[in-house]
Amino acid sequence: MIDGVLQLELPGSDAPAAASGMLPSFVVGPENELVVAPLARLLGDLALKEAAQLFNPLVLVGASGSGKSQLVQGIVRHWRRRLEPAQVEYFTAADFCREAQAAADDTRLPAWRDGIRSLRVLVVEDLQRLRPRPAFQQELRLAVDAITAAGGIVIFTAEREPASVGHLDPGLRDRLAAGLTVRLQRPSLAARRAILQLAANARGMMLTDAELARLAQRETSSPAELIGRVAASTKPRPPVADPPAKHDHSPSDSREDFAHLKQIVAVTARFFSVTQAALIGPSRRTSLVEARNVAAYLARRLTSLSYADIGRGLGHRDHTTIMHAERRLAERLAHDPVTQQAVDELDRLLR
């Protein structure tokens, strides 16, 4: 711990940090010290049942930019390496509802339900976005019961405490209240300095003490914005796979970016021999998920659109879904030459 700031090492991505847009550590300032104990259990060497013995479910609550997604995606990577990958699943609440509806429409709801309830680790982000339909909420409540009863772990993120999410099923709210809720704050000044230093190191950049102080002094909406400040303030050395820093743009720029996003969807769908409607639709068939991840990855690199903007263009998905898609694709690029060749070819076609 330095200046009251602790760095919690997250399971490493297969992709370099600069390529994945992900820091190798979660920076914990004094403002977030309560999160250390549960995370140390979930990211340590304990067996799954022991790891969640004192809290299950776990709910991480905080405003956008507090680092909830970075934490839970690190937890997902940790347990996918220790268990069978198919035993660990990550959803946003909106995607959980979307997939449940698609399973019901395709008359495969019983099989989908059995798959969800047999998971060992389930992560659901943005709980406040869970649709108020009783059928969806009941599916999630019963999944929580089945997974925790079998010694698995369920983790939620939310922007506010579950008790204040008025449309939650009372039974689901009771399940969450029986676990542990931890509030995350946005990074303090000391934490912002540490994040900036980590981001610079990951990109092979040098920041002077004066530059660190200047960049850290301003309040920020998220760690991602801090990382963008590093890219904008210094000249990085390779790799060239880093996405360009996001910047404010005029309405005309936005129109061009949204038009380019539509082109990315069209070209990617044609390349993978799927329809555009299927690519942006609810199905989580492996081939469609892979194509969707490629489209999200390319959109981040070839446009100045935010995660939220790209999510809207890819079937009204949450920004956390797009962040996850980008990172999963970046990890594949590090060791899958077929995916690398596909992305390179699409990049050439779209520039």
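Tell me, yes or no, whether the range 213-228 has at least one residue that is over 24 Å from residue 320 (Cα atoms), assigned to a helix (DSSP H, G or I), modelled with pLDDT under 60 and open to solvent by less than 60 Å² (accessible area, probe 1.4 Å). No: zero hits. Those helices (runs of 4 or more DSSP H) of the range 260-351 in which 3 or more residues are over 17 Å from the mean Cα position of the chain (by Cα) and farther than 18 Å from residue 69 by Cα occupy 276-279, 286-302, 337-350.
Being surrounded by fewer than 16 Cβ atoms within 10 Å (Cβ to Cβ), part of a loop (DSSP other than H, G, I, E, B) and either more than 23 Å from the chain's Cα centre (by Cα) or among the basic types (Lys, Arg) (or both) is a description that does not apply to residue 254.
Return the residues of the range 276-293 that are open to solvent by 80 Å² or more (accessible area, probe 1.4 Å) and either in contact with a Leu (Cβ under 9 Å, 6 or more places away or on another chain) or at pLDDT below 90 (or both); say none if nothing qualifies. Once the filter is applied, which keeps residues that are open to solvent by 80 Å² or more (accessible area, probe 1.4 Å) and either in contact with a Leu (Cβ under 9 Å, 6 or more places away or on another chain) or at pLDDT below 90 (or both), the range 276-293 yields 284, 285, 286.
Only one of the listed residues (87, 73) is open to solvent by 50 Å² or more (accessible area, probe 1.4 Å), of a type in the set (S, T, N, Q) and either modelled with pLDDT under 85 or at negative phi (or both). That residue is 87. Taking the range 147-171 as the range and being in a helix (DSSP H, G or I) and of a type in the set (Ser, Thr, Tyr) as the test, the residues that pass are 148, 164.
Residue-by-condition table, conditions (1) more than 22 Å from residue 88 (Cβ to Cβ); (2) touching a strand residue (DSSP E or B) at 6+ places or on another chain (Cβ under 6 Å); (3) among the hydroxyl-bearing types (Ser, Thr, Tyr); (4) exposed (fewer than 15 other Cβ atoms within 10 Å of the Cβ):
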position: 135; (1), (2), (3), (4): yes, no, no, yes
position: 139; (1), (2), (3), (4): no, no, no, no
position: 147; (1), (2), (3), (4): no, yes, no, no
position: 150; (1), (2), (3), (4): no, no, no, yes
position: 154; (1), (2), (3), (4): no, yes, no, no
position: 159; (1), (2), (3), (4): yes, no, no, no
position: 166; (1), (2), (3), (4): yes, no, no, yes
position: 174; (1), (2), (3), (4): yes, no, no, yes
position: 178; (1), (2), (3), (4): yes, no, no, yes
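Residue-level check: of (1) at pLDDT below 85; (2) touching a strand residue (DSSP E or B) at 6+ places or on another chain (Cβ under 7 Å); (3) under 30 Å from residue 336 (Cα atoms), residue 80 misses just (1). Of all residues in the range 335-351, those that are under 13 Å from residue 268 (Cα atoms) and acidic (Asp, Glu) have Cβ atoms under 9 Å from Cβ atoms of residues that are open to solvent by 80 Å² or more (accessible area, probe 1.4 Å) and in a helix (DSSP H, G or I), 6 or more apart or on another chain, in 345/271. Scanning the range 299-346 for residues being closer than 19 Å to residue 276 by Cβ and open to solvent by 40 Å² or more (accessible area, probe 1.4 Å) gives a total of 3.
Scanning the range 117-146 for residues that are aliphatic (A, V, I, L, M), farther than 23 Å from residue 170 by Cβ and part of a loop (DSSP other than H, G, I, E, B) gives a single hit, 119. Per the listing 114, 174, the residue uniquely in a helix (DSSP H, G or I) and either closer than 25 Å to residue 54 by Cβ or in contact with a Ser or Thr (Cβ under 8 Å, 6 or more places away or on another chain) (or both) is 174.
Considering the range 94-111, the residues that are without any contact (Cβ under 8 Å) to a residue 40 or more places away in the chain and under 28 Å from residue 181 (Cβ atoms) include one that is surrounded by the most Cβ atoms within 10 Å (Cβ to Cβ), namely 100.
Could we say that residue 294 is within 21 Å of residue 341 (Cα to Cα) and touching a residue at least 60 places away in the same chain (Cβ under 8 Å) here? No, not satisfied. Among residues that are in contact with a His (Cβ under 9 Å, 6 or more places away or on another chain), surrounded by 21 or more Cβ atoms within 10 Å (Cβ to Cβ) and hydrophobic (A, V, I, L, M, F, W, C), residue 130 is included.
Restricting the first residue to the range 180-200 and requiring it to be touching a residue at least 24 places away in the same chain (Cβ under 8 Å) and buried (at least 24 other Cβ atoms within 10 Å of the Cβ), which pairs with a second residue that is of a type in the set (Gly, Ala, Ser) and not in a helix (DSSP H, G or I) meet a Cβ separation below 7 Å and a spacing of at least six or different chains? The qualifying pairs are 187/29; 191/29.
The values are calculated or read from the model by the stated rules, or taken from the named source; none is laboratory data. On a predicted model such as this, the values are computed, not experimentally measured, just so you know. Here the Cβ is made from the backbone with ideal geometry for all residues, glycine too, and neighbour counts use every protein chain on show. Note: areas computed on protein heavy atoms with side chains; ligands, DNA, RNA excluded. Shrake-Rupley method; radii C 1.70, N 1.55, O 1.52, S 1.80 Å.
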